[in-house]
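A short write-up of the structure that comes next.
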Amino acid sequence: MLKESKLPKELTLVAEGLVLGSGKSLPKSVKQDAKQGGVLHLFAASGLHLGIYLGFCLLFLKRVFWFSRILPVLISLLFGYFYLYLLNFPVSFVRAYSFALYSMLGVIFYKKAQASDTLFYSAATVALFFPSDYLSVGFLLSFGAVFGIFFLKPAIDKVLFPNLSHFLKDNLTLSLSCSFGTFPCLAYVFHSFSFGSILINLIVIPLAGIILPLLYLSIIIQKFLSQNTADLFWVIIDLLLRILLKLVTALPGKIGFYYEWNDRQIVIWLYFIFTIFLFLIIYKIFKSESIVQDRKINYSFLHFLILSGIILFFPFGGLVLSAKNGSDGLPAHKIQKGNAFFFGEGKISILGNCYSQNQFETFAKSLKLKDANSIFFEKESCLRYVLDLKKEILKTNVSARISIITSEEKLKSWMEQINVWNENFQIDRTAILPIVFSGKENTIPILRYTGDKKKFSKLLEITSLYEKNWEKSGLDAKTQQAGVLLLDFPKWVKENPEDWKKYQKLLGISSYWKIISVEELLVRSHNQTLRDQKFSFL
């Protein structure tokens with residue numbers, strides 16, 4: 001139905017993501033921006049989608065079955081189950097539907113469902129019928145957000161303009177409570193958080209709440225009524241989707257304050273625990289609805305202190321991470337299967353292929369371009385990104401002389417033909433490039449090897465050179481690992497990283513080197529938080 005709406009392709013994908021509650025159809029750049037803005041949940045089937053959908057159904061059915069109190073509720077639940085079935089039972093939507101089911105059953109039998117009971121019943125439903133999703137990341141994020149709404153939002157409402165009733169205040173406290181509820185999972189599993197998401201959600205969520213009902217209505221009109229009438233709605237939706245897309249892509253870069261980190265970030269965790277402690281204080285002091293008059297001054301003072309402590313969590317977290325990123329001396333790095341990006345001591349290294357523009361742009365945003373003086377790249381597919389990167393560096397420092405180095409000899413003649421070849425463009429035949437990370441006490445060389453037999457001798461030459469220096473400095477190979485050999489084998493290479501670990505000495509690589517595969521590294525980055533502070537490989 002959306003394909004018949006005459007919406008542009010990009011807007012059609014965004015509309016599809018909203019209706020189906022899935023980010024799979026989104027353009028990668030939009031998905032990345034939504035992630036960094038903390039609004040990716042708009043494209044994940046959740047209580048927002050189901051609430052709007054059921055509200056839309058009830059609004060219509062109560063007018064059709066005006067003579068019955070129960071029929072509109074039961075039919076709405078059936079429609080909701082059909083929606084759940086079409087989306088293939090995502091855990092966040094199962095949770096939302098369970099909430100709606102138990103709450104509406106309470107309405108039917110004149111029994112108000114308690115928040116804690118509903119939360120427990122919904123978790124039990126997921127554990128019983130979808131055990132593989134129980135305690136999954138989606139489960140934790142979904143239930144964490146709802147936990148924040150049920151148990152943290154009332155506490156924030158007590159101190160944030162307690163006598164004011166306004167939808168802006170409700171949206172603010174809702175965004176705050178969801179942020180605190182999902183922070184532990186995001187920080188522990190993904191080592192990332194968007195500290196400006198609270199502001200972006202304040203802007204984007206109300207707009208999404210307008211767009212979704214219009215989408216549902218337009219699809220129904222187009223399916224069962226007049227195409228001409230539906231076209232009028234699609235014109236309005238086109239405008240609103242353009243605004244939404246503009247906000248989702250523009251705001252994260254301005255007020256998203258999205259950070260990724262490798263270590264445990266003890267300071268931020270301590271502040272988070274302190275914030276939760278403030279919630280307990282709120283419940284203890286302000287649990288009574290009526291405030292005694294002679295405590296009015298104390299109440300105002302505590303109101304200010306507690307509210308400040310809660311709100312300051314977000315700028316405090318952004319400040320700590322931005323200061324740490326700028327002063328810890330570690331270079332920026334981003335490693336994926338098939339490529340790796342490094343920046344340190346003024347040198348940008350782009351290893352492997354550059355098939356994903358989104359991956360490259362994510363890395364480029366973390367660079368201090370004014371400090372860059374050279375760019376190394378391995379593959380021809382990275383050339384266009386390198387030239388764009390050079391332009392960005394020159395914008396920050398017009399007088400900079402950027403040297404571009406590559407190991408692709410076939411680029412030489414081509415570059416000469418387009419007049420780009422000059423003394424700053426060089427061919428480096430050493431193909432294997434050691435990346436040296438400057439730690440607090442020593443340096444950590446990183447060697448990335450792709451399994452190319454022609455480059456194996458060069459690999460041994462570089463490892464031997466480092467090993468001799470480590471022996472001279474008195475390092476013990478039995479107890480100390482001083483370097484990392486990162487194995488990034490393509491699918492068509494039959495090499496097994498485990499065999500390299502097993503036969504490391506037979507290959508001529510001493511135990512000074514820690515051998516690790518890219519797959520192992522990526523698993524660690526998602527599941528392990530207790531890692532070396534200097535560099536997350538070790």
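Among the listed residues 76, 46, which satisfies the condition of being of a type in the set (S, T, N, Q), touching a helix residue (DSSP H, G or I) at 6+ places or on another chain (Cβ under 7 Å), surrounded by 15 or more Cβ atoms within 10 Å (Cβ to Cβ) and more than 17 Å from residue 146 (Cα to Cα)? Going through 76, 46 in turn, just one is of a type in the set (S, T, N, Q), touching a helix residue (DSSP H, G or I) at 6+ places or on another chain (Cβ under 7 Å), surrounded by 15 or more Cβ atoms within 10 Å (Cβ to Cβ) and more than 17 Å from residue 146 (Cα to Cα): 76. Within the set 113, 124, the sole residue that is among the hydrophobic types (A, V, I, L, M, F, W, C), within 30 Å of residue 285 (Cα to Cα) and outside the structural domain of residue 308 (by TED's automatic domain parsing) turns out to be 113. Taking the stated definitions as given, is residue 75 in a helix (DSSP H, G or I), among the β-branched types (Val, Ile, Thr), assigned by TED's automatic domain parsing to the domain that holds residue 136 and touching a Gly at 6+ places or on another chain (Cβ under 7 Å)? It is false that residue 75 is in a helix (DSSP H, G or I), among the β-branched types (Val, Ile, Thr), assigned by TED's automatic domain parsing to the domain that holds residue 136 and touching a Gly at 6+ places or on another chain (Cβ under 7 Å). The one condition from (1) at pLDDT 80 or above; (2) over 20 Å from the mean Cα position of the chain (by Cα); (3) hydrophobic (A, V, I, L, M, F, W, C); (4) surrounded by 15 or more Cβ atoms within 10 Å (Cβ to Cβ) that residue 71 does not meet is (4). Residues that are polar (S, T, N, Q) and surrounded by fewer than 13 Cβ atoms within 10 Å (Cβ to Cβ) within the range 215-226 comprise just one, 226. All of (1) closer than 19 Å to residue 452 by Cβ; (2) surrounded by 19 or more Cβ atoms within 10 Å (Cβ to Cβ); (3) among the acidic types (Asp, Glu) hold for residue 467 with one exception: (1). Criterion applied to 80, 106 was being in the same structural domain as residue 187 (by TED's automatic domain parsing), part of a helix (DSSP H, G or I) and in contact with a Ser or Thr (Cβ under 9 Å, 6 or more places away or on another chain), and the one residue passing it is 106. When you check residue 60 against the structure, is it over 18 Å from residue 246 (Cβ atoms), in the same structural domain as residue 246 (by TED's automatic domain parsing) and modelled with pLDDT of 80 or more, yes or no? Yes, satisfied. When the range 220-242 is limited to residues that are closer than 18 Å to residue 9 by Cβ and of a type in the set (Val, Ile, Thr), the one that is nearest to the chain's Cα centre (by Cα) turns out to be 237.
Please work out if residue 136 is under 19 Å from the mean Cα position of the chain (by Cα) and either outside the structural domain of residue 75 (by TED's automatic domain parsing) or of a type in the set (Gly, Ala, Ser) (or both). Answer is yes for this residue. Out of (1) in contact (Cβ under 8 Å) with a residue 40 or more places away in the chain; (2) aromatic (Phe, Trp, Tyr); (3) out of contact with any helix residue (DSSP H, G or I) (no Cβ under 8 Å at 6 or more places or on another chain), what's the single condition that is false for residue 193? Only one criterion is unmet by residue 193, namely (3).
Considered as a group, the residues in the range 127-167 that are β-branched (Val, Ile, Thr) and modelled with pLDDT of 85 or more include one that is farthest from residue 95 (Cα to Cα), and that residue is 149. Which of the residues belonging to the range 142-171 are without any contact (Cβ under 8 Å) to a residue 60 or more places away in the chain, in contact with a helix residue (DSSP H, G or I) (Cβ under 7 Å, 6 or more places away or on another chain) and either not in a helix (DSSP H, G or I) or not small (Gly, Ala, Ser) (or both)? Listed by number, the residues that qualify are 143, 147, 149, 150, 153, 157, 161, 171. Return yes when residue 454 is closer than 18 Å to residue 406 by Cβ, at pLDDT below 85 and of a type in the set (Lys, Arg) and no when it is not. Here the answer is yes, as residue 454 does meet what is asked.
Here residue 6 clears all of (1) touching a Gly at 6+ places or on another chain (Cβ under 9 Å); (2) of a type in the set (Lys, Arg); (3) touching a residue at least 40 places away in the same chain (Cβ under 8 Å) except the condition numbered (1). Could you say whether any residue in the range 511-525 is surrounded by fewer than 17 Cβ atoms within 10 Å (Cβ to Cβ), part of a strand (DSSP E or B) and at pLDDT below 75? No - not one qualifying residue is present in the range 511-525.
Quick grid of which residues meet (1) of a type outside the set (A, V, I, L, M); (2) more than 30 Å from residue 121 (Cα to Cα); (3) not assigned by TED's automatic domain parsing to the domain that holds residue 47:
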{"position": "162", "(1), (2), (3)": "yes, yes, no"}
{"position": "168", "(1), (2), (3)": "no, yes, no"}
{"position": "175", "(1), (2), (3)": "yes, no, no"}
{"position": "203", "(1), (2), (3)": "no, yes, no"}
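The values are calculated or read from the model by the stated rules, or taken from the named source; none is laboratory data. Please read all numbers here as calculations on a predicted model, not as lab measurements. Don't worry about glycine lacking a Cβ; one is built from the backbone with ideal geometry, like all the others, and counts go over all protein chains shown.
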